[in-house]
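Undergrad: This is the structure I have questions about; it appears just below.
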């Protein structure tokens with residue numbers, strides 16, 4: 001049987017997911033600013049290059065930053081709500097004491 005998780009409570013889950021969405025919106029804005037600054041810097045440094053270069057650069061930076069934000073946001077969500085402590089650890093008895 002699984003332990004009770006704080007995310008099982010609808011009020012806690014709503015608050016946690018709202019905070020996650022707020023974090024993702026903030027990081028979306030930061031990502032957009034970063035992509036614009038990087039593309040501007042590349043244009044100033046290299047001039048007019050193939051449009052595919054700029055598209056690939058924008059997608060690479062944007063996807064990498066948003067993936068990082070999504071994964072770190074989920075880590076903060078599970079840790080901040082106490083969801084991490086709700087797991088059943090089958091190896092809990094086999095660990096050596098520190």
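Every number here is computed from the coordinates shown, using simple stated rules; none is lab data. This one's a predicted model, so the numbers in the text were calculated from it and none came from an experiment.
Undergrad: Any chance you could give the angle, 0 to 90 degrees and rounded to 10, that helix 51-81 forms with the longest Cα principal axis of the chain?
TA: 20
Undergrad: Okay, helix-only estimate at 222 nm for the chain: each DSSP H run of n ≥ 4 adds -39500 (n - 2.57), divide by all residues, round to 500 deg cm²/dmol; what do you get?
TA: Result for the chain, helices only: -25500 deg cm²/dmol.
Undergrad: Among (1) -0.52, -1.48; (2) -0.70, -1.20; (3) -0.45, -1.40, which one is log10 I(q)/I(0) by the Debye sum over Cα atoms at q = 0.14, 0.25 Å⁻¹ computed from these coordinates?
TA: This structure yields the entry labelled (2).
Undergrad: Only Cα pairs within less than 10 Å get springs; with that Gaussian network setup on the chain, which residue of 20, 54, 43 has the largest fluctuation?
TA: 43
Undergrad: By how many degrees, 0 to 90 and rounded to 10, does the Cα axis of helix 10-46 deviate from the longest principal axis of the chain?
TA: 20
Undergrad: If you don't mind, another one. Which one of 29, 47, 60 has the biggest mean-square fluctuation once the chain is modelled by GNM with Cα springs under 10 Å?
TA: So, out of 29, 47, 60, the one fluctuating most is 47.
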